[in-house]
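The values are calculated or read from the model by the stated rules, or taken from the named source; none is laboratory data. Predicted, not measured: the structure shown is a model, and the values here were computed from it. Here the Cβ positions follow ideal geometry from the backbone for every residue, glycine too, while neighbour counts run over all protein chains shown.
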Amino acid sequence: MLQVLAELIHGKEICRRASNPSLDWATLSDGDFQTAFPFWATVDIRRVQNSLQNLGLIVVEAIAESRSSFYAIDEPSNESADNTSASIQAAPCRQPEVPRAVVSNPPPSIPTSGSASLIAPNWLPSPDWIKKCQQHNVPEEFVNSLIPEFVSYWRDRGQARFSWGNAFYKWVLKAWREEQTRKGAYELATQMSATWRPSEDAIGILEISGINSSFIEDAIPEFVLYWRERGMVNGAWNTKFIEHIRRQWAKFSASFGYDDTPKAIPASWQPSNDCFEILALAEIDEEYARRKIPEFVMYWKDSQQVKSSWNTVFLQFIKQDWARQLKQTESADLGYEENQSLVGSSQQRVKERFQRIADRSWAE
């Protein structure tokens with residue numbers, strides 16, 4: 001918007017305003033903005049315009065009972081002060097003076113001089129400019145630390161400016177953005193210390209995700225030991241800790257309630273419903289499987305062996321026993337020679353069925 005505004009202003013008839021004669025003013029209407037920014041709604045145009053005003057990049061003065069306003073880029077023109085008074089009198093866009101448009105955070109009134117000058121060796125920003133910097137949450141100590149560098153830089157360049165306060169204000173904002181970016185990306189990288197703990201913000205993020213606080217505390221010593229032994233330098237230990245805890249919690253949640261400790265089969269053991277569903281998919285009769293349960297339990301109780309999953313053992317037992325039954329059926333069918341074609345088709349069907357039941361590729 002700033003670039004387009006500069007083009008719009010210079011395309012209009014320039015006039016001078018008594019409130020700030022060093023600027024180039026032009027009258028722009030709401031229609032001019034809609035034409036220049038067709039991709040923005042009116043509310044978005046106002047929002048960006050107010051942002052530019054708050055940053056001190058543009059100046060706006062409303063015209064009473066009109067949908068137009070005076071606009072100027074906050075960069076003084078090169079016209080001398082002598083020409084200023086004449087241009088004010090000859091300004092074709094002269095309108096009755098009205099107060100400056102009200103914005104959410106109006107910038108302090110900064111006096112401007114009528115001519116450009118070099119920066120003085122002992123130059124200091126006025127309290128108003130420091131206050132403008134603080135409106136952007138820039139600490140005063142940070143602002144003061146930039147003054148010597150700013151003065152030295154512009155004295156070496158030997159350039160003149162109308163407002164050194166405005167130039168310093170923009171210098172501070174740029175330096176502050178760079179400082180915030182550097183801290184956010186690098187965080188003063190260090191090695192893991194033995195006393196390291198995650199920040200309250202990191203713990204809060206994990207607890208909001210539903211992770212148990214005791215689980216988080218128990219994981220801290222292991223996390224610290226792991227990274228201390230590797231001697232790695234990192235600037236985002238809290239982020240790394242959050243990722244580690246989320247992975248560990250996902251594994252813990254997935255295995256919660258599953259006990260894989262081997263144990264002997266109890267006398268009252270019964271297969272789960274999942275077993276019968278799997279057997280049904282293999283076309284094994286459920287009643288046949290249920291009749292085999294007592295035999296299965298007695299065999300493994302007598303053997304006194306322990307298993308981590310009796311359901312899996314039961315599935316293997318039933319499939320093998322069912323396959324043996326099919327093989328016996330196959331042998332019986334081969335005894336009937338009066339219908340060889342029927343025997344052949346039955347043999348093939350039984351063989352295919354046996355191969356499907358005896359298939360163990362799912363367990364590999």
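Summary of values
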| quantity | calculated |
| --- | --- |
| Residue in the range 203-215 that is farther than 30 Å from I130 by Cα, in contact with a strand residue (DSSP E or B) (Cβ under 8 Å, 6 or more places away or on another chain) and not aromatic (F, W, Y) present | no |
| Residue in the range 201-221 that is under 30 Å from F317 (Cβ atoms), free of Cβ contacts under 8 Å to residues at least 12 places away in the same chain and either surrounded by fewer than 12 Cβ atoms within 10 Å (Cβ to Cβ) or not hydrophobic (A, V, I, L, M, F, W, C) (or both) present | no |
| Residue among E243, E222 that alone is modelled with pLDDT of 90 or more and assigned to a helix (DSSP H, G or I) | E243 |
| Matching residues in the range 15-59 - criterion: being touching a Phe, Trp or Tyr at 6+ places or on another chain (Cβ under 7 Å) and outside any strand (DSSP E or B) | R16, R17, S22, I45, G56 |
| Of all residues in the range 259-286 being in contact with a helix residue (DSSP H, G or I) (Cβ under 8 Å, 6 or more places away or on another chain) and in a helix (DSSP H, G or I), the one that is surrounded by the most Cβ atoms within 10 Å (Cβ to Cβ) | L279 |
| Members of the range 123-157 found to be polar (S, T, N, Q) and in contact with an Asp or Glu (Cβ under 7 Å, 6 or more places away or on another chain), listed by number | Q134 |
| Restricting the range 250-261 to residues that are modelled with pLDDT under 85 and of a type outside the set (F, W, Y), the residue that is nearest to E352 (Cα to Cα) | D260 |
| Candidate set: the range 138-164, residues that are assigned to a loop (DSSP other than H, G, I, E, B) and of a type in the set (G, A, S); chosen: the one surrounded by the fewest Cβ atoms within 10 Å (Cβ to Cβ) | G158 |
| Given (1) farther than 23 Å from A250 by Cβ; (2) more than 24 Å from the chain's Cα centre (by Cα), index of the condition G235 fails | (2) |
| Flag if A289 is more than 55 Å from the chain's Cα centre (by Cα), farther than 30 Å from I205 by Cα and surrounded by 12 or more Cβ atoms within 10 Å (Cβ to Cβ) | no |
| Filter result (touching a helix residue (DSSP H, G or I) at 6+ places or on another chain (Cβ under 9 Å), charged (D, E, K, R) and loosely packed, with under 15 Cβ neighbours inside 10 Å) within the range 4-43 | E7, D30 |
